[in-house]
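The values are calculated or read from the model by the stated rules, or taken from the named source; none is laboratory data. The structure displayed is predicted, hence computed values, not measured ones. All Cβ positions, even for glycine, are placed from backbone atoms using ideal geometry, and neighbour counts span all protein chains on display.
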Amino acid sequence: MNTADMPTAAGPPTRVPRRRPRALVVLSATLVLLAACSDDSSETASATTTEPAAASEAETGAEGAGGTQDTVPETDPESSDPTPPRSDDDVAPALYDDRILAADIWDDELRILSAGMGFDGVIGWPDEELETIQTGGGSFYQPECAGDPIVSGATAAGVEMFYRGVADDEPDYDDGLPVVFTWPVLTSTVHPEDFLFTLNTGEQVVPNAAGMLPNYELNERNTVVLFGDFGNRLDGDEAVYPVSLEVIDDGTPLRFLGPDGEQSGVGLTWTGGGSPYETGPALVGAKLNHVGDEAVGEGGAGPLDRVLLPNDEFALYGGGDFRIRLLTSGGYTPTGITSLTPDAYENHFRIHATADDGSTILLTEVGVDYEVAGGTLRVLGLAELGQAESERVAYNDCYVEDADNQIDIILAGDEAAARSITFVEVPAEGEYLPLYNPGGPGPEPFPDVRYTAPGPPDLEPVINALDDPMRVSNIP
Ligand SMILES: [Ca+2]
Ligand SMILES: [Ca+2]
Ligand SMILES: [Ca+2]
Ligand SMILES: [Ca+2]
């Protein structure tokens with residue numbers, strides 16, 4: 001974006017000590033934690049050699065991109081050397097290897113579920129200084145539980161490590177935009193040039209970068225995150241944002257895996273959207289499955305897995321009986337930079353089910369047996385966030401979650417009762433807290449910065465996948 005679009009503010013607030021923050025958010029934790037993991041090359045190298053062959057092969061990709069091999073792209077943000085040319089092979093191979101394992105399909109038909117701009121200008125910071133974050137319109141928060149502040153955004157170096165494509169300017173101040181599909185993508189085909197946006201100004205835009213973080217697990221991979229110059233955070237007539245998307249043939253056309261095999265995405269279109277500073281992220285899917293005997297398709301990139309996972313229902317609740325996987329149009333966290341925690345169901349969500357007499361029962365509390373048609377249902381809590389609570393992991397402002405656009409609600413109860421579930425609601429008002437994408441304000445927003453809007457109240461019908469699990473796999 002044009003830096004003239006960016007809001008400006010006077011010096012740093014006096015309530016926070018001036019220090020060098022580490023960028024702990026965006027797609028959030030993920031970029032920086034991966035970078036942090038890769039800093040410790042001796043540990044990651046030895047971990048690789050002691051693991052089974054199959055896992056090592058997969059992980060070598062991500063670790064190589066993270067900094068342990070000779071093919072590493074330039075990642076020092078303060079280096080004056082020009083970034084050397086790089087190929088797709090230089091970028092985190094484990095994320096672009098076409099693996100898909102028990103990934104949900106959200107419709108029989110291949111469609112784009114959402115492709116609205118997420119947030120403006122906080123991707124590609126030239127550095128992580130407080131002034132840079134503030135004048136660039138980011139958010140900053142120093143939790144009591146951590147030595148380092150949490151900030152929004154990502155450095156250019158972090159983006160180049162894990163996303164394909166390159167920045168068009170230095171510094172870049174790119175916008176973020178998740179494209180959510182009904183089917184998982186064969187990730188080797190993902191490039192910025194697959195996407196052509198039309199803005200409300202009539203201008204056409206191709207993204208600068210494209211990638212699979214944070215929706216990277218083998219049972220996910222239906223959301224491509226794009227960075228580029230899609231719009232701004234201005235108001236009224238000055239607001240700029242995309243209004244349509246077409247998937248085009250870049251020579252390596254996007255391919256997806258559906259119930260009957262592979263299908264090209266070329267020609268898919270999407271229209272809609274608006275400014276994310278007017279309306280925040282919303283539910284685009286909710287899917288009910290049996291939990292089964294084990295978690296399948298978790299993880300997919302070694303260093304990241306070790307920090308964030310396991311985050312499945314077995315690790316958190318010993319399994320449970322049913323999972324409702326929520327799919328959203330963008331990141332979905334309490335403030336934009338602090339994490340959603342597994343114990344936060346009652347703050348944000350309620351499930352609708354039908355009673356014997358046809359009336360609606362609202363499942364508002366965790367740990368309560370609700371009588372519905374067919375038996376009882378009990379909410380155990382949220383999953384698909386980060387690791388389970390332990391001596392080392394607390395459900396507080398320092399909790400680290402994957403910050404993607406999928407959240408699971410785990411239930412126990414009777415199968416006939418599960419079949420009476422109708423909707424998941426995000427009330428987002430009254431006693432219920434709204435949810436924000438990574439452009440959100442954080443707990444202590446800078447007063448002169450305009451942040452993305454909270455998500456609206458939402459009611460999403462639940463897809464019943466108890467009989468047909470509606471999942472696909474591709475292991476190359
Ligand atoms: Ca492509
Ligand atoms: Ca995930
Ligand atoms: Ca997971
Ligand atoms: Ca998640």
Review point. Among (1) within 14 Å of ligand 1 (Cβ to nearest atom); (2) in a loop (DSSP other than H, G, I, E, B), which single condition is VAL179 missing?
Key: (2)
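Does ASP408 count as surrounded by 17 or more Cβ atoms within 10 Å (Cβ to Cβ), within 16 Å of ligand 2 (Cβ to nearest atom) and either hydroxyl-bearing (Ser, Thr, Tyr) or part of a strand (DSSP E or B) (or both)?
On the way: surrounded by 17 or more Cβ atoms within 10 Å (Cβ to Cβ): yes; within 16 Å of ligand 2 (Cβ to nearest atom): yes; either hydroxyl-bearing (Ser, Thr, Tyr) or part of a strand (DSSP E or B) (or both): yes.
Considered against the rule, which asks whether it is surrounded by 17 or more Cβ atoms within 10 Å (Cβ to Cβ), within 16 Å of ligand 2 (Cβ to nearest atom) and either hydroxyl-bearing (Ser, Thr, Tyr) or part of a strand (DSSP E or B) (or both), ASP408 comes out as yes.
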Check your understanding: If you go through region 266-312 one residue at a time, how many are modelled with pLDDT under 95, farther than 25 Å from ASP97 by Cβ and buried (at least 20 other Cβ atoms within 10 Å of the Cβ)?
Key -> 1
Practice item. Sort out which residues of region 205-247 are outside any loop (DSSP other than H, G, I, E, B) and either closer than 18 Å to ASP104 by Cβ or among the β-branched types (Val, Ile, Thr) (or both), and write them in order of number. Key: VAL205, THR223, VAL224, VAL225, VAL243, VAL247
Revision key, fill the gap. Residues of region 182-204 being within 16 Å of ligand 1 (Cβ to nearest atom) and either more than 21 Å from ARG255 (Cα to Cα) or assigned to a strand (DSSP E or B) (or both), in sequence order, are VAL185, PHE195, LEU196, PHE197
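Only one of GLU294, GLU384, GLU298, GLU371 is in contact with a helix residue (DSSP H, G or I) (Cβ under 9 Å, 6 or more places away or on another chain), within 15 Å of GLY413 (Cβ to Cβ) and among the charged types (D, E, K, R). Can you tell me which?
Working: GLU294 fails: within 15 Å of GLY413 (Cβ to Cβ); GLU384 fails: within 15 Å of GLY413 (Cβ to Cβ); GLU298 fails: within 15 Å of GLY413 (Cβ to Cβ).
Checking each option against the conditions leaves just GLU371.
Is region 261-271 home to any residue that is on the phi > 0 side of the Ramachandran plot and outside any loop (DSSP other than H, G, I, E, B)?
Residues of region 261-271 on the phi > 0 side of the Ramachandran plot: 261, 267.
Now narrow it down to the ones that are outside any loop (DSSP other than H, G, I, E, B): 261.
Scanning region 261-271, I find at least one residue that is on the phi > 0 side of the Ramachandran plot and outside any loop (DSSP other than H, G, I, E, B), so the answer is yes.
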Review point. Would region 208-217 turn up any residue that is in contact with a His (Cβ under 9 Å, 6 or more places away or on another chain), farther than 18 Å from ALA403 by Cα and modelled with pLDDT of 95 or more?
Key: no
**Study point:** Out of LEU377, LEU433, sole residue that is within 26 Å of GLY297 (Cβ to Cβ) and either touching a residue at least 24 places away in the same chain (Cβ under 8 Å) or hydrophobic (A, V, I, L, M, F, W, C) (or both)
**Key:** LEU377
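Matching residues to (1) hydrophobic (A, V, I, L, M, F, W, C); (2) touching a Ser or Thr at 6+ places or on another chain (Cβ under 7 Å); (3) within 28 Å of THR271 (Cβ to Cβ):
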residue	(1), (2), (3)
GLU131	no, no, no
CYS145	yes, no, no
TYR163	no, no, yes
ASP168	no, no, yes
THR201	no, no, yes
ALA210	yes, no, yes
